[in-house]
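Peer 1: Take this structure first; my questions come after.
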Amino acid sequence: ITYRLRKMGFAASKFDSSSFIRNGSKGPVCIFLYVDDLVITGPKLAVINNVKSQLSGAFEIKDLGVLHYFLGIEVIHTPDGILLTQ
């Protein structure tokens with residue numbers, strides 16, 4: 001998957017090889033990878049949907065919707081942003 005992400009213009013973080021970012025003309029998007037789970041995030045839903053479409057062309061993926069849990073961390077969405085808790 002890292003090969004595919006690089007072909008899509010993503011760069012791995014210098015500090016965490018499982019974190020990828022792409023700063024495109026339509027806005028940034030970040031991907032966090034853990035084994036066979038991905039979190040895709042960014043400020044523009046259209047950019048996120050485009051990334052998901054590109055990935056589904058190369059891999060069988062399943063969209064689980066809005067993030068609620070990842071690696072034992074609960075993600076709570078509030079009007080002011082998100083709250084992370086264990």
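Readers should treat all values here as calculations from the given coordinates under stated rules, not as data from a laboratory. All of these numbers come straight from a predicted model, not from anything done at the bench. Positions of Cβ are backbone-derived with ideal geometry, glycine not excepted, and every protein chain shown enters the neighbour counts.
Peer 1: Ordered by residue, what ³J(HN,Hα) values in Hz, to whole numbers, does the stretch 70-84 give under the Karplus form 6.51 cos²θ - 1.76 cosθ + 1.60, where θ = phi - 60° and Gly and Pro are x?
Peer 2: Karplus values, whole Hz, x for Gly and Pro: 7, 6, x, 9, 8, 10, 10, 8, 10, x, 8, x, 10, 10, 9.
Peer 1: Running a GNM on the chain with Cα contacts under 10 Å, which residue among Leu55, Leu33, Leu45 ends up with the highest mean-square fluctuation?
Peer 2: Of Leu55, Leu33, Leu45, the most mobile in the Gaussian network model is Leu45.
Peer 1: Which three semi-axes in whole Å describe the equivalent ellipsoid of the chain, each the square root of 5 times a Cα gyration tensor eigenvalue, listed largest first?
Peer 2: Values: eigenvalues 89, 45, 39 Å².
Its equivalent ellipsoid spans semi-axes of 21, 15, 14 Å.
Peer 1: Compute the distance in nm between two label points, each set 7 Å from the Cα along the Cα-to-Cβ direction, one at Leu67 and one at Asp36.
Peer 2: Inter-label distance under the simple model: 2.1 nm.
Peer 1: Another one. Using a Gaussian network model on the chain with a 10 Å cutoff between Cα atoms, which of Val75, Val29, Val39 fluctuates the most?
Peer 2: Val75
Peer 1: Okay, next question. Label-point separation (nm) for Ala58 and Ser19, each offset 7 Å from Cα along Cα-to-Cβ?
Peer 2: 2.1 nm
Peer 1: Give me the angle, in degrees from 0 to 90, between the Cα long axis of helix 45-58 and the longest principal axis of the Cα atoms of the chain, rounded to the nearest 10.
Peer 2: Between the helix axis and the principal axis of the chain, the angle is about 50 degrees.
Peer 1: What nm distance separates the two modelled labels at Thr2 and Thr85, each placed 7 Å from Cα along Cα→Cβ?
Peer 2: Between Thr2 and Thr85, the label points sit 3.5 nm apart.
Peer 1: Also, quick follow-up: Pairs of lysines 8 or more apart, or on different chains, with alpha carbons under 17 Å: count those in the stretch 1-56, would you?
Peer 2: Details: Lys7/Lys52; Lys26/Lys44; Lys26/Lys52; Lys44/Lys52.
Here the count comes out as 4.
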